[in-house]
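Heads up, the thing below is written out as structure tokens.
The values are calculated or read from the model by the stated rules, or taken from the named source; none is laboratory data. All values reported here derive from a predicted model rather than from experimental measurement. Backbone-built Cβ (ideal geometry, glycine too); neighbour counts: all protein chains shown.
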Amino acid sequence: MESFSSPTVTQRDQILVEQQVFNIFKTFYNMPPSSQSFMLELQRENHVEYLTNGLKQLGPSFCVLDANRPWICYWILHSIALMDEFVDPELEDNTIDFLSRCQDPDGGYGGGPGQMPHLATTYAAVNSLVSLGSDNALSSINREKLYSFMRQMKDASGGFRMHDGGEIDVRACYTAISVASLLNILDDELVQNVGNYILSCQTYEGGISGEPGSEAHGGYTFCGLATMILINEVGRLDLSSLIDWVVFRQGVEGGFQGRTNKLVDGCYSFWQGGIFALLKRLNSTRGENSIPLGDVEDSGPDSPQSTASSGATGEVLIEDLSQGGSHTEKGDQHDTSSRVNVDNIGRNSSRGHAKVEPLFNSLALQQYILLCSQDLNGGLRDKPGKSRDHYHTCYCLSGLSVCQRSWSEDEDSPPLPRAVLGPYSNLLEPIHPLYNVVLDRYREAHEFFTGS
Ligand SMILES: [Zn+2]
């Protein structure tokens, strides 16, 4: 039949992308070893130069991103931090000054000076300042005003609006909750009913969509899952079907697609890859006693502030896990019937001691990032044939960092050489996967905002 023999546009595009990618792999595998190792090398100097130039001056084509300037700061500063580099003091001061001018007198950050405050650019501005990490940067954030801005963005449905009169979606929930948690201003008022909203966005496929009734998508699934962990309600999600969905998003190219039947794209190295980093930590919190997911140590039912009010639930989860997961079962208030037993996922104890095995092909993803997404002149891209940009540079590098530690029990011990594709100098700084900031910068910010 005619309709079966002629491919759809997407099928045709998929065939073209596969051909391009396979040609790159074929060329690579026919090269002498010395050329291969050059091809797999992360071109740090070129990336840093490309990124630093972007922080100083952008060409006229960037005017379409005028309402996203804090995002450009974050993509660049986080990428630089991942490579354990710093910006010079003058550029740092200029960036802090610029972001301060984006801060609304009534709280929150707009896309540029004088623009309406928006949750997404607030997240980008706060993550930029955390990535800079100095006291100057962190103290420039008006947390009190920011909290009242967030309260205004909170909708009766439980979700958050992106801005005054704006759309309610999973990104708005994530950016609000992530910022509130990082700044230690998360409380019950902000958390209330957010979980119901996220839950209503988990689709029949298992992934999470932007709004109820839409299609499951990598970016929203990361945002939804991270939010549920931060508010300590992750056990309400159907994690079994979420895992089913995400494991099948890795394609023959080694990279991830964002949605079913879509093309591979480097930025999903983090949006999908980051989901595995979150799941790995959930798994290691659980241990032999089958502790409910999302339990928080010091907020039992009698606690005056329940579950998420410590403002650092993610930190509790993360830090406790690296200490072997000693939670006790208390304070959990949700139905356990939907929980899946993920205790043994990714664990292999065949040689007498547990080791972590990623639920995705980490080396194949690294190969896609380094050979297909990397521009050897600096910057990373969506896929071969596309141009580099700061967004893809940020999320390809974030995904690469996740991959390199996907076999590690914890972030503080360096990964084995075989977990890092290419020379070991490719190793990037570890990230805190709930916020996507470099782990050390997260710890500095946590100390700064909690005084502990
Ligand atoms: Zn992309």
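Yes or no: GLU205 part of a loop (DSSP other than H, G, I, E, B), closer than 24 Å to SER181 by Cβ and more than 16 Å from the ligand (Cβ to nearest atom)? Taking the combined requirement at face value, the residue does not satisfy it. In the range 262-280, the residues that are touching a residue at least 40 places away in the same chain (Cβ under 8 Å) and of a type in the set (Val, Ile, Thr) form Cβ pairs under 8 Å with partners that are part of a helix (DSSP H, G or I) and within 11 Å of the ligand (Cβ to nearest atom), at six or more places apart or across chains, as follows: ILE275/GLY218.
Tell me the residue from LEU427, LEU371, LEU421 that is farther than 23 Å from VAL264 by Cβ and aliphatic (A, V, I, L, M), please. I'd like the intermediate steps shown before the answer.
Details: LEU371 fails: farther than 23 Å from VAL264 by Cβ; LEU421 fails: farther than 23 Å from VAL264 by Cβ.
Just a single option satisfies the conditions, and that option is LEU427.
The sole residue among VAL264, VAL296, VAL246 that is more than 23 Å from VAL438 (Cα to Cα), away from the ligand (no atom under 16 Å from the Cβ), at pLDDT 50 or above and among the aliphatic types (A, V, I, L, M) is VAL246. For the range 200-216, the candidate set comprises residues that are closer than 21 Å to GLY166 by Cα and surrounded by fewer than 24 Cβ atoms within 10 Å (Cβ to Cβ); within that set, the residue that is farthest from the chain's Cα centre (by Cα) is GLY213.
Restricted to the range 370-398, and to residues that are in a strand (DSSP E or B) and within 11 Å of the ligand (Cβ to nearest atom), which residue is surrounded by the fewest Cβ atoms within 10 Å (Cβ to Cβ)? Of everything passing the filter in the range 370-398, ASP389 is surrounded by the fewest Cβ atoms within 10 Å (Cβ to Cβ). Residues in the range 399-409: is at least one of a type in the set (Gly, Ala, Ser), surrounded by fewer than 23 Cβ atoms within 10 Å (Cβ to Cβ), at pLDDT below 95 and more than 16 Å from the ligand (Cβ to nearest atom)? Taking every residue of the range 399-409 in turn, at least one turns out to be of a type in the set (Gly, Ala, Ser), surrounded by fewer than 23 Cβ atoms within 10 Å (Cβ to Cβ), at pLDDT below 95 and more than 16 Å from the ligand (Cβ to nearest atom). Those helices (runs of 4 or more DSSP H) of the range 1-120 in which 1 or more residues are touching a His at 6+ places or on another chain (Cβ under 9 Å) and free of Cβ contacts under 8 Å to residues at least 60 places away in the same chain occupy 69-82.
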